[in-house]
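Colleague: Sharing a structure here in structure tokens format.
The values are calculated or read from the model by the stated rules, or taken from the named source; none is laboratory data. In this text the structure is predicted, and so the values were computed from the model without any measurement. Positions of Cβ are generated from backbone atoms using ideal geometry, with glycine treated the same way; all protein chains shown enter the neighbour counts.
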């Protein structure tokens, strides 16, 4: 499937050191999938190809932990509860910075931070994408069945065409990753592909 | 192995930490029956019985029962396989979109207009009702766990609501999809994934 570079954006979700760097806080949990499928290198190749085409690249970052950052919320959900305990993605710290290989470049969209799971929920992501006339999204990053899938679900409900890339995402466990890309991705996305096929279409 | 242990330990720690939330005051609690329609819930299925029991439990405890049906979006330019799956089921019989008889609706229930989004929060009425009634605790159930209940759960968590999912009142496209939801994905967003028996105990049965 061809991707019109004027209306398609690569949407990179949560490429934080805490998920993807060897010293990252959650690396022990994400490395099994990330190393097995080579998602870091593949995500980087996709970003490079997109930038060569002058395609929009957008970042949807998770809420960075800050003291009292979630103050006022009455019912922290499990992911927020763990963030409050672990300080994962701490603002101004190594874990809350983007992995250098997947860092933003000039001209990229960086949306406001999402505090639950969807990159669209409570953020300016939709407005920024609309501002550039984006109608199609290729969603990559972390985590396969949480923020990636949530962002895809929101995007579908907002009317975007959504492509999911099975090996440019990773999860906390192989079983979650495998089940999500086999069961949910083909139902909730408009298109499901792998990095190799995507890069081929971007280069053609 | 290490990965499994870390996931299990994290899950245990979170479940322990969230125990304080699990209270269900009648005036702040609603059971949301998502897409419990004839197209998706046959009258002879075990799921039909479980959902009927959940609806009875809700009414006996004074919880609001909300029916949130879905409609086909035949004219949509960008349909996903999920949308087509829903559309096919809704087009099989004339009354397919009706609320399944096992769950009512009863006169005290709220029935939303049929929506076209996967998430029940795609309908403005959902937020408006939660705000108007001061709801804080939502108990979710429905036959499309991997399609619409999942999307609704994530949106509910975003809204700072306390969310319970009733695992034996769910079904999904495949057994593997149901396993993904109940064992892995939903526990990352719902405060409690439990079964009807446990919910009865927690709500004073």
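Colleague: What number of residues within the range A:19-48 satisfy the criterion of being buried (at least 17 other Cβ atoms within 10 Å of the Cβ), out of contact with any strand residue (DSSP E or B) (no Cβ under 8 Å at 6 or more places or on another chain) and within 14 Å of chain B (Cβ to nearest Cβ)?
Modeller: Counting residues in the range A:19-48 that are buried (at least 17 other Cβ atoms within 10 Å of the Cβ), out of contact with any strand residue (DSSP E or B) (no Cβ under 8 Å at 6 or more places or on another chain) and within 14 Å of chain B (Cβ to nearest Cβ) gives 6.
Colleague: Residue B:157 - would you say it is in contact with a helix residue (DSSP H, G or I) (Cβ under 6 Å, 6 or more places away or on another chain), in contact (Cβ under 8 Å) with a residue 24 or more places away in the chain, under 23 Å from residue B:199 (Cα atoms) and more than 9 Å from chain A (Cβ to nearest Cβ)?
Modeller: no
Colleague: Which condition number in (1) out of contact with any helix residue (DSSP H, G or I) (no Cβ under 7 Å at 6 or more places or on another chain); (2) surrounded by 19 or more Cβ atoms within 10 Å (Cβ to Cβ); (3) over 22 Å from residue A:163 (Cα atoms) is the one that residue A:55 fails?
Modeller: (3)
Colleague: Give me the residue from the range B:66-92 that is closer than 17 Å to residue B:113 by Cβ and part of a helix (DSSP H, G or I) and, out of that set, farthest from the other protein chains (Cβ to nearest Cβ).
Modeller: That would be B:90.
Colleague: Next question, about the same structure. Which of the residues that make up the range B:167-198 are more than 11 Å from chain A (Cβ to nearest Cβ), more than 19 Å from residue B:14 (Cβ to Cβ) and not in a loop (DSSP other than H, G, I, E, B)?
Modeller: Within the range B:167-198, B:168, B:169, B:170, B:196, B:197 qualify.
Colleague: Please verify whether residue B:102 is in a helix (DSSP H, G or I) and modelled with pLDDT of 95 or more, treating the condition exactly as stated.
Modeller: The answer is no for residue B:102.
Colleague: Something else: Check off (1) more than 17 Å from residue A:110 (Cβ to Cβ); (2) in a helix (DSSP H, G or I); (3) more than 13 Å from the chain's Cα centre (by Cα) for residue A:40 and give me the number that stays unchecked.
Modeller: Here residue A:40 clears every test but (3).
Colleague: Quick one: would you say residue B:62 is over 17 Å from the mean Cα position of the chain (by Cα) and either surrounded by fewer than 24 Cβ atoms within 10 Å (Cβ to Cβ) or modelled with pLDDT under 95 (or both)? Full working, then the answer.
Modeller: Numbers: over 17 Å from the mean Cα position of the chain (by Cα): yes; either surrounded by fewer than 24 Cβ atoms within 10 Å (Cβ to Cβ) or modelled with pLDDT under 95 (or both): yes.
Yes; evaluated as a whole, the condition is true for this residue.
Colleague: Across the range B:93-102, which residue is nearest to the other protein chains (Cβ to nearest Cβ) among those that are surrounded by 16 or more Cβ atoms within 10 Å (Cβ to Cβ) and in contact with a helix residue (DSSP H, G or I) (Cβ under 8 Å, 6 or more places away or on another chain)?
Modeller: Ranking the candidates gives B:97 first.
Colleague: Show the residue pairs that are 6+ apart or on different chains and have beta-carbon atoms under 6 Å apart, the first residue being within the range A:172-184 and in contact (Cβ under 8 Å) with a residue 24 or more places away in the chain and more than 7 Å from chain B (Cβ to nearest Cβ), the second being surrounded by fewer than 24 Cβ atoms within 10 Å (Cβ to Cβ) and part of a helix (DSSP H, G or I).
Modeller: Short answer, once both residue conditions are applied: A:174/A:32.
Colleague: For the range B:130-166, give me each residue that is under 10 Å from the mean Cα position of the chain (by Cα) and in a strand (DSSP E or B). It would help to see each step written out before you state the result.
Modeller: First pass over the range B:130-166, keeping only residues under 10 Å from the mean Cα position of the chain (by Cα): B:138-145, B:148-153, B:163-166.
Those that are under 10 Å from the mean Cα position of the chain (by Cα) and in a strand (DSSP E or B): B:138, B:139, B:140, B:141, B:142, B:163, B:164, B:165, B:166.
Colleague: For residues in the range A:149-171 being at the interface with another protein chain (Cβ under 7 Å from one of its Cβ atoms) and outside any helix (DSSP H, G or I), which is modelled with the lowest pLDDT?
Modeller: A:159
Colleague: Does residue A:105 satisfy being assigned to a loop (DSSP other than H, G, I, E, B), more than 11 Å from every other protein chain (Cβ to nearest Cβ) and closer than 19 Å to residue A:15 by Cβ? Let's see the steps before the verdict.
Modeller: Working: assigned to a loop (DSSP other than H, G, I, E, B): yes; more than 11 Å from every other protein chain (Cβ to nearest Cβ): yes; closer than 19 Å to residue A:15 by Cβ: yes.
Against the criterion (assigned to a loop (DSSP other than H, G, I, E, B), more than 11 Å from every other protein chain (Cβ to nearest Cβ) and closer than 19 Å to residue A:15 by Cβ), residue A:105 qualifies.
Colleague: Follow-up. If you scan the range B:16-29, which residues turn out to be at the interface with chain A (Cβ under 8 Å from one of its Cβ atoms) and either over 30 Å from residue B:129 (Cβ atoms) or part of a helix (DSSP H, G or I) (or both)?
Modeller: B:17, B:21, listed by residue number.
Colleague: Taking the stated definitions as given, is residue A:138 in a strand (DSSP E or B), within 19 Å of residue A:57 (Cβ to Cβ) and within 11 Å of another protein chain (Cβ to nearest Cβ)?
Modeller: Numbers: in a strand (DSSP E or B): yes; within 19 Å of residue A:57 (Cβ to Cβ): yes; within 11 Å of another protein chain (Cβ to nearest Cβ): no.
Against the criterion (in a strand (DSSP E or B), within 19 Å of residue A:57 (Cβ to Cβ) and within 11 Å of another protein chain (Cβ to nearest Cβ)), residue A:138 does not qualify.
Colleague: Can I ask one more? Select from the range A:69-100 the residues that are modelled with pLDDT of 95 or more, outside any loop (DSSP other than H, G, I, E, B) and surrounded by fewer than 18 Cβ atoms within 10 Å (Cβ to Cβ) and write down the one among them that is farthest from the chain's Cα centre (by Cα).
Modeller: For the range A:69-100, the residue satisfying everything is A:94.
Colleague: Based on what the data block shows, is residue B:41 in a strand (DSSP E or B), surrounded by 18 or more Cβ atoms within 10 Å (Cβ to Cβ) and under 16 Å from the mean Cα position of the chain (by Cα)? Please lay out each step first, then the result.
Modeller: Values: in a strand (DSSP E or B): no; surrounded by 18 or more Cβ atoms within 10 Å (Cβ to Cβ): yes; under 16 Å from the mean Cα position of the chain (by Cα): yes.
Against the criterion (in a strand (DSSP E or B), surrounded by 18 or more Cβ atoms within 10 Å (Cβ to Cβ) and under 16 Å from the mean Cα position of the chain (by Cα)), residue B:41 does not qualify.
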